[in-house]
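Participant: I have a structure here, written as structure tokens, and I will follow up with some questions on it.
The values are calculated or read from the model by the stated rules, or taken from the named source; none is laboratory data. Just so you know, these numbers come straight off a predicted model, no measurement behind them. Please note: Cβ atoms are built from the backbone with ideal geometry, for glycine as well, and neighbour counts cover all protein chains shown. Heavy atoms of the whole protein, side chains included, go into the accessibility calculation; ligands, DNA and RNA do not. Shrake-Rupley method; radii C 1.70, N 1.55, O 1.52, S 1.80 Å.
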Amino acid sequence: SMLAAAKQRALAVLQKNDRGGYTVPSEKLYPFQWNWDSAFIALGWAAAGQRERGWEEVRALLRGQWEDGMIPHIVFHSVQPSYNPGPEIWGSPCKDRALPTSGITQPPVITSVVREMMEEEEREGGKRVVEVATSILPALYRYHAWFMRYRDPHQVGVVAITHPWESGMDNK
């Protein structure tokens, strides 16, 4: 069927862009792990019947989380000297960590995706729900707390972006 063929093509793209634990959105233009791209990629892996690979995608993104709770918009898992702006440009406070990152974030799409994946886990018998709840949800809570602390200066429940790339309009 057309749907089965589309799923196969989508899975082929995921497999081609898989870097062993994280997936790049595009080999040349976006050769690292991007925050909300990874959320949708995790959902794609899960929809392709590879839910554990989807959870790996989430965990790889969370390895870039800062101590204050922010999840950066780029996690530089590898070195690509030709990519600009690379990790050296951002000057992030995490530059001494094993994983350099950018210094901005994106909307927390990852939380909605994790919820969807957890609901699917529950429908399938709930084998991973406790593991996810204990290992992933605390990081997502810290991410949302970061937004409220640093991006809602008037404490009115409305967060703001501080860089145009945080909106997703980075290549327009």
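Participant: Quick check: is even one residue across the range 68-78 open to solvent by 20 Å² or more (accessible area, probe 1.4 Å) and assigned to a helix (DSSP H, G or I)?
Facilitator: Looking for residues that are open to solvent by 20 Å² or more (accessible area, probe 1.4 Å) and assigned to a helix (DSSP H, G or I), one finds none in the range 68-78, hence no.
Participant: Right, another one. For the list (1) modelled with pLDDT under 85; (2) farther than 19 Å from TRP34 by Cα; (3) over 18 Å from the mean Cα position of the chain (by Cα), I need the number of the one condition that ALA133 fails.
Facilitator: Condition not satisfied by ALA133: (3).
Participant: For residues that are among the β-branched types (Val, Ile, Thr) and part of a helix (DSSP H, G or I), scanning just the range 131-146, find the one that is least open to solvent (accessible area, probe 1.4 Å).
Facilitator: Per the stated criteria, the residue is VAL132.
Participant: Would you please name the residue that is farthest from VAL129 (Cα to Cα), looking only at residues in the range 1-30 that are part of a helix (DSSP H, G or I) and open to solvent by 70 Å² or more (accessible area, probe 1.4 Å)?
Facilitator: First, the residues of the range 1-30 that are part of a helix (DSSP H, G or I): 2-17.
Then drop every residue that is not open to solvent by 70 Å² or more (accessible area, probe 1.4 Å), which leaves 2-3, 7-9, 13, 15-16.
On the way: MET2: 33, LEU3: 29, LYS7: 26, GLN8: 28, ARG9: 30, VAL13: 28, GLN15: 26, LYS16: 29 Å.
Among them, the one singled out is MET2.
Participant: May I ask you to list the residues in the range 47-67 that are open to solvent by 50 Å² or more (accessible area, probe 1.4 Å) and either part of a loop (DSSP other than H, G, I, E, B) or closer than 22 Å to GLY86 by Cβ (or both)?
Facilitator: Correct list: GLY49, GLN50, ARG63, GLU67.
Participant: Within the range 31-46, identify whether any single residue is open to solvent by 60 Å² or more (accessible area, probe 1.4 Å), under 26 Å from PRO81 (Cβ atoms) and free of Cβ contacts under 8 Å to residues at least 40 places away in the same chain, and answer yes or no.
Facilitator: No.
Participant: Then there is this: Output the residues belonging to the range 96-123 that are in contact (Cβ under 8 Å) with a residue 12 or more places away in the chain and either assigned to a helix (DSSP H, G or I) or open to solvent by 60 Å² or more (accessible area, probe 1.4 Å) (or both).
Facilitator: Listed by number, the residues that qualify are VAL109, ILE110, THR111, SER112, VAL113, VAL114, GLU116, MET117, MET118, GLU120, GLU121.
Participant: Is it the case, given these coordinates, that SER92 is open to solvent by less than 10 Å² (accessible area, probe 1.4 Å), over 29 Å from ALA12 (Cβ atoms) and either touching a Pro at 6+ places or on another chain (Cβ under 7 Å) or modelled with pLDDT under 90 (or both)?
Facilitator: For SER92, the condition - open to solvent by less than 10 Å² (accessible area, probe 1.4 Å), over 29 Å from ALA12 (Cβ atoms) and either touching a Pro at 6+ places or on another chain (Cβ under 7 Å) or modelled with pLDDT under 90 (or both) - is met.
Participant: Let me ask something else about it. Is there a residue in the range 147-159 that is within 16 Å of the chain's Cα centre (by Cα) and open to solvent by less than 90 Å² (accessible area, probe 1.4 Å)? Full working, then the answer.
Facilitator: Taking the range 147-159 first, the residues within 16 Å of the chain's Cα centre (by Cα) are 147.
Still in the list and also open to solvent by less than 90 Å² (accessible area, probe 1.4 Å): 147.
Taking every residue of the range 147-159 in turn, at least one turns out to be within 16 Å of the chain's Cα centre (by Cα) and open to solvent by less than 90 Å² (accessible area, probe 1.4 Å).
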